[in-house]
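Report on the structure given below.
The values are calculated or read from the model by the stated rules, or taken from the named source; none is laboratory data. Please read these numbers as outputs of a predicted model, since none were measured by experiment. Counting neighbours? That spans all protein chains shown, and the Cβs are built from the backbone with ideal geometry, glycine included. The accessibility values were calculated without ligands, DNA or RNA, using every heavy atom of the protein model including side chains. Shrake-Rupley method; radii C 1.70, N 1.55, O 1.52, S 1.80 Å.
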Amino acid sequence: MEGDLPEKKQANISDFTHAFAHGGRLTTNPKESKVAICTNYAGIMQIYDCKTNEVQLIKEYNLFPADYREQNGNFAVTPQTAWGYLSIDSNDKYIYALYSGQNQMEHPDGSFLRSHIIHVFDWEGNSICRLSADRTLTMICVDNDGNIYGYDNEKADIVTADVKGLF
């Protein structure tokens, strides 16, 4: 799976910087051999089936490419660099991904690291819905009872929402 990204590596960018730009988070299906991966510096969500010796891509969403440059051998943002997904978790039915989409340089206060938008997918890769929290969160997690838990960094508060029956 190394390098299995929807965009080509820039010739003048090191492997380290390229990998950093496409780094992200993952979650697994607790009942099946499936993995969902989302990126930080690009709007990419990929769902893989890992049941066989071969890992197979089930579905991919590519909302926007990573925009970056290399400075002194390290990853450096550009005026167009936006954050993709901030957090991801799942249960046996759905994948929940906290989505930013905000430009890092336009929000020097760090608000690009908080969001109220949660994208929901099923494990076949279908987009189910988009949820909107009533406050900005930095991290989410879910359980099998249909609850979403979020961390509100500004208020140092854990919040919960019951979404069972919504979809």
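For this structure, a couple of remarks:
- Part-to-part distance (alpha-carbon centres) for region 74-91 and region 18-61, which is given in Å: 15 Å
- Check: the chain dipole with +1 on Lys, Arg Cβ and -1 on Asp, Glu Cβ, in debye: 120 debye
- Accessible-area ranking of 32, 124, largest first, probe 1.4 Å: 124, 32
- Kirkwood hydrodynamic radius of region 38-86, Cα pairs, Å: 12.4 Å
- The residues 135, 130, 25, 114, sorted by heavy-atom accessible surface at 1.4 Å with ligands and nucleic acids left out, run 130, 25, 135, 114 from largest to smallest.
- Ranked by solvent-accessible area (1.4 Å probe, protein heavy atoms only, all chains present), the residues 137, 113 order from largest to smallest as 113, 137.
- Within the shell of other residues whose beta carbon sits under 15 angstrom from the beta carbon of residue 155, the net charge comes to -2, with Lys and Arg scored +1 and Asp and Glu -1.
- Quotient of Cα Rg and 2.2 N^0.38 Å for region 1-95, N being how many residues it contains: 1.15
- For the chain, the solvent-accessible area works out to 54 Å² per residue, with a probe of 1.4 Å and every protein chain left in place.
- Carbon + sulfur, % of accessible area of region 19-114 - ligands and nucleic acids excluded, 1.4 Å: 46 percent
- The chain: relative contact order in percent, alpha carbon pairs under 8 Å with at least 6 residues between: 15 percent
- With K and R counted +1 and D and E -1, the other residues having a Cβ less than 9 Å from that of residue 17 yield a net charge of -1.
- Beyond 21 Å, the tail of the calculated P(r) for region 80-167 holds 28 percent of the Cα pairs.
- Stokes-Einstein diffusion coefficient of the chain, Kirkwood radius over Cα pairs, 20 °C, 1.002 mPa s, in µm²/s: 129 µm²/s
- The charge dipole of region 57-144, taken about its Cα centre with unit charges on the Cβ of Lys, Arg, Asp and Glu (plus for the first two, minus for the last two), comes to roughly 120 debye.
- Neighbourhood net charge (10 Å Cβ-Cβ; Lys/Arg +1, Asp/Glu -1) for residue 77: 0
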